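Colleague: Structure provided below as structure tokens; questions to follow.
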Amino acid sequence: MFSLTRGTAARTSSRAFSTTPSRSTDMAKLVLIGRLGKDPEVRYTKSNKEYVSYTVATSNNTSTAEGVQPTTTWHHVLSFHPGANNYLRTLRRGSLVYAETNFELRQPDANADPESPEGQRQIFLRHEQIRVLRQPPRDKEETESE
């Protein structure tokens, strides 16, 4: 009896990592912890739909022949969620944030100029959620005006 139970459990756990099309969708998610590079901006699509664009800067240390060099990567994120957009408008440049995004990789258009954005591979990050971990330090000008 014990061997029957163990065999059943083994078969069940092997299905957890199956490559069969049992899931209806797949996802690619990117988690960013960094600082907002500038205040989020409200923009509009060609069909006049509002969205918010914001940039998160992350830092890494890269080892080179000269030693360890800090490098900054800029991640451009787009939000099409009306409720989230209202909150994003209140955030300020320099805020330390935790952002979860969906990651989409678009292949280049074969007919486009290779130097244009359409002729290059593009990464799109779609906003899912954001949390402010630390507010930016207040500017002297803001403190004096209050």
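Any read-out appearing in this document is the output of simple, stated calculations on the displayed coordinates, not a laboratory observation. Quick caveat, the model's predicted, so the values are computed rather than measured. For neighbour counting, all protein chains shown are included, and Cβ atoms are generated from backbone atoms with ideal geometry for every residue, glycine included.
Colleague: In a shell of Cβ-Cβ distance under 9 Å around Ala99, excluding Ala99 itself, what net charge do Lys and Arg (+1) and Asp and Glu (-1) give?
Modeller: Around Ala99, the surrounding residues sum to -1.
Colleague: Determine the equivalent ellipsoid of the stretch 22-99 by diagonalising the alpha-carbon gyration tensor, then write out the semi-axes as square roots of 5 times the eigenvalues, largest first, rounded to whole Å.
Modeller: After scaling each eigenvalue by five and taking roots: 29, 19, 11 Å.
Colleague: A further question follows. Which of the GluC sites (Glu not before Pro) found in the stretch 44-126 are loop residues per DSSP with 14 or fewer other Cβ atoms within 10 Å of their Cβ?
Modeller: Glu66, Glu115
Colleague: Next up: I need the shape label for the stretch 63-144. Rule: rounded when a/c is under 1.5, else prolate if a/b > b/c, else oblate, with a, b, c from the alpha carbon gyration tensor.
Modeller: Oblate.
Colleague: Continuing with the same structure: Name the residues of the stretch 70-110 whose amide N is less than 20 Å from a point 7 angstrom out from the Cα of Arg134 along the C-beta direction?
Modeller: So the set is 70-75, 91-100.
Colleague: Report, in whole Å, the centroid distance computed from the Cα atoms of the stretch 55-98 and the stretch 99-124.
Modeller: Each part reduced to its Cα centre gives a spacing of 20 Å.
Colleague: Please state the relative contact order of the stretch 54-146 as a whole percent: Cα pairs under 8 Å, 6+ residues apart?
Modeller: Over the stretch 54-146, the number comes to 27 percent.
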